[in-house]
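Below is one structure, written out as structure tokens, with a few remarks after it.
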Amino acid sequence: MWHLGPVPIRAYALCIVLGIVVACVVTDARLRRRGAPPGAVLDIAVWAVPLGIVGARIYHVITSPQQYFGADGHPLGAFKIWEGGLGIWGAVAGGAVGAWLAARQLGLPFAMVADALAPGLPLAQAVGRFGNWFNNELFGGPTTLPWGLEVHRMAGGRAVRDLEGNPITEPGLYHPTFAYEALWNIGVAVLVFAADRRWKLGRGRAFALYVMGYTAGRFWIELMRTDPANEILGLRVNVWTAVLVFLGALLYFVRVRGPQEFLVPVGATPVGGAPAGADAAPASGVSQVDVSATARPVAPPQGYRVVDEPTYRRYQQTGELPDDDDDALTDDGELLDDFADDEPDDDEIDPPVVEDAKTARAGNAPSAGEGAQRPAARGVEDR
């Protein structure tokens, strides 16, 4: 820990912040490749990061209750997050809730957001794990391997020193299990990148692959750790958690199928012009091209439509939006925007059915009985 004037600077916190930045950069690039608006990842992070921290703390308190609610526990200590104690399982769960809330506000499909995050999250975990080295924690048993770790004797979160001011180390070397997990997480990120590129995983399957990869590594790494932890049937709680979460992710990966999801804007209108994709009629017989059309500012879209990759690529090349029932991946064809206008457009409602040509020429309105027998306009009935 360092100090910037009166402000303490903790290396562990810096590693976590750096990991969040890495995850945001990777996720932003993947979201924008699928049609998400620029900066969407920041709106997601505003929700996901705080709720992830809350979830991480809740998981730690639940799995280590004796520190706060035991005979010598201090209940208010559960709120002292600066004293340490975060669980990655709770961080992912809480962050997922935050990402879901943000996705609803932005009108983005949550599965697409999860898939975009899948390779960035293990990279963030890898960076954050090196904070354990600064805290001198989460190491394994003794080892004679050349990369063995020297462990300092700690008291009150600080290294114990001898009379000459030198830190006292424990005898021997120890497995740097936090480094093993960091390297494993990098491998998981590479696996998700490669698999997603090869098989184009969609519908949250890329995220499920990340979960399976991470929990598989966490299982054997957790068995190597020697720090105090609660146990169930002789195994650490986190070992059981890894097994259960792996099975859940495997079930999801096997059962869920579907293409990758891409977004096209709906109702994006150039400022002072017609909706995007609308062709203006030429004023003369000479073909004219508006070379400034691409530079024209565009008003925010009403929402986004989920389409498959071929439709998205065609939209990129031609600027043509798909029809309501062409290649859309939503079941009902509705806009993916909670704030989209739910009122039908004028051109979506067919004109009322006229009784006959004679009535139409006379301009007479049908009687109440006649109106009750007529079928409703098709545009209204479909809604």
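No lab work stands behind these numbers, since they all come straight from the coordinates. These figures come from a predicted structure and were not determined experimentally.
Proximity of backbone amide H atoms, modeled 1.01 Å from N, is registered between Y304 and V266, L336, D337 at under 5 Å, excluding neighbours fewer than 5 places apart on the same chain. Our coupling estimate for the range 79-90, obtained by passing each phi through the Karplus curve with A = 6.51, B = -1.76, C = 1.60 and θ = phi - 60°, is 8, 8, 5, 5, 8, x, x, 10, x, 4, 4, x Hz, Gly and Pro reported as x.
Couplings for the range 121-135, taken from phi via the Karplus curve 6.51 cos²θ - 1.76 cosθ + 1.60 with θ = phi - 60°, read 5, x, 5, 5, 5, 4, 5, x, 4, 5, x, 5, 5, 5, 7 Hz in order; Gly and Pro are left as x.
Sequence-ordered 3J(HN,Hα) estimates for the range 16-25 from the Karplus curve with 6.51, -1.76 and 1.60 and θ = phi - 60° stand at 5, 4, 4, x, 5, 4, 4, 4, 5, 5 Hz, glycine and proline given as x. Residues whose amide H lies under 5 Å from that of L173, counting only those 5 or more places away or on a different chain, are T143; hydrogens are built 1.01 Å from N in the peptide plane.
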